[in-house]
1. Would you check if THR163 is without any contact (Cβ under 8 Å) to a residue 60 or more places away in the chain, surrounded by 14 or more Cβ atoms within 10 Å (Cβ to Cβ) and among the hydroxyl-bearing types (Ser, Thr, Tyr)?
2. For the range 177-187, indicate whether the set of residues that are in a helix (DSSP H, G or I) and surrounded by fewer than 16 Cβ atoms within 10 Å (Cβ to Cβ) is non-empty.
3. Filter the range 118-143 for residues that are in a helix (DSSP H, G or I) and under 16 Å from the mean Cα position of the chain (by Cα) and give the result.
4. Every residue in the range 3-19 that is surrounded by fewer than 23 Cβ atoms within 10 Å (Cβ to Cβ), under 18 Å from ASN152 (Cβ atoms) and charged (D, E, K, R), please.
5. Answer yes or no as to whether GLU48 is touching a strand residue (DSSP E or B) at 6+ places or on another chain (Cβ under 7 Å) and either closer than 15 Å to ILE195 by Cα or modelled with pLDDT of 95 or more (or both).
6. Considering only residues that are among the β-branched types (Val, Ile, Thr) and in a helix (DSSP H, G or I), look in the range 20-76 and name the one that is surrounded by the fewest Cβ atoms within 10 Å (Cβ to Cβ).
7. Does any residue in the range 130-141 that is touching a residue at least 12 places away in the same chain (Cβ under 8 Å) come within less than 6 Å, Cβ to Cβ, of a residue that is charged (D, E, K, R) and surrounded by fewer than 23 Cβ atoms within 10 Å (Cβ to Cβ) six or more places away or on a different chain, and which pairs are these?
Amino acid sequence: MSKNPIIVFEGIEGSGKTTHINSVAKYLKRRKFSFIKIREPGGSKNSELIRKLILNNKSTFNKKTDLLLYLAARSENIENLIKKNHNKKIILIDRFIDSTISYQHYGMGIKKEIINKINEFLLGKIKPSFTILNTVSKKNLIKRLKLRKNKNRYDKFNYNFYTKVQNGFLKIARNRKNYFVINSDKDIQSNKKKILNLIIKKIS
């Protein structure tokens, strides 16, 4: 594995993935590692513009348009950020290709083959080195979403949808050796240490 891996943080809303990616970024910055941190949708300038469209509470895109907007944002990141830094810097990504499979296929019912084909076209030889999947119980998901002051369009689905998406992530994880599942219902500090130890092992 490259000393400059692509590390992806996945999980549904309220699973703690953003908290953990920020914790890892702080550690890498303190230790003066060379890295970039990207979120999806978002990241590059154009991707952030697309993010505003996708997550806007007034947006009423159908599921096919949503898919294409997510993939358009990814295309901008790959061309403007990921390819330029691949194997040169550690790349941290908050959501990536498996989010598209989990949300748009398992959650919304779009054919997986279509998503895979476009991802292959966009990514070429680029692929994640390993993925940290954060899971959350329905009880904590409800609690954490209620605490959010600014909810976007994807924070407002019914809980059955999030269950389908999380089960989709777990199906993907079962077939991958480079997947690490973190139960976010457990103590947050202990999970932070677990994730940091895993990453230190991979990059040292």
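1. yes
2. Checked against the condition, which is being in a helix (DSSP H, G or I) and surrounded by fewer than 16 Cβ atoms within 10 Å (Cβ to Cβ), the range 177-187 yields no hits at all.
3. ASN119, LEU123
4. If the condition is that a residue be surrounded by fewer than 23 Cβ atoms within 10 Å (Cβ to Cβ), under 18 Å from ASN152 (Cβ atoms) and charged (D, E, K, R), then GLU13 is the only one that fits.
5. Numbers: touching a strand residue (DSSP E or B) at 6+ places or on another chain (Cβ under 7 Å): no; either closer than 15 Å to ILE195 by Cα or modelled with pLDDT of 95 or more (or both): yes.
So GLU48 fails the test.
6. As a first pass, look at the range 20-76 and keep what is among the β-branched types (Val, Ile, Thr): 21, 24, 36, 38, 50, 54, 60, 65.
Next, only the ones that are in a helix (DSSP H, G or I) stay: 21, 24, 50, 54, 65.
Details: ILE21: 23, VAL24: 23, ILE50: 22, ILE54: 20, THR65: 13.
Among them, the one singled out is THR65.
7. Close Cβ pairs (under 6 Å, with a partner that is charged (D, E, K, R) and surrounded by fewer than 23 Cβ atoms within 10 Å (Cβ to Cβ)) amount to SER137/ASP185; ASN140/ASP185.
Residues checked against (1) touching a Lys or Arg at 6+ places or on another chain (Cβ under 9 Å); (2) at pLDDT below 95; (3) not acidic (Asp, Glu):
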| residue | (1), (2), (3) |
| --- | --- |
| PHE121 | no, no, yes |
| LYS125 | no, yes, yes |
| LEU147 | no, yes, yes |
| ASP155 | yes, yes, no |
| LEU170 | no, no, yes |
| ALA173 | no, no, yes |
| ILE195 | no, no, yes |
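The values are calculated or read from the model by the stated rules, or taken from the named source; none is laboratory data. None of these values were measured; they are calculated from a predicted model. Positions of Cβ are backbone-derived with ideal geometry, glycine not excepted, and every protein chain shown enters the neighbour counts.
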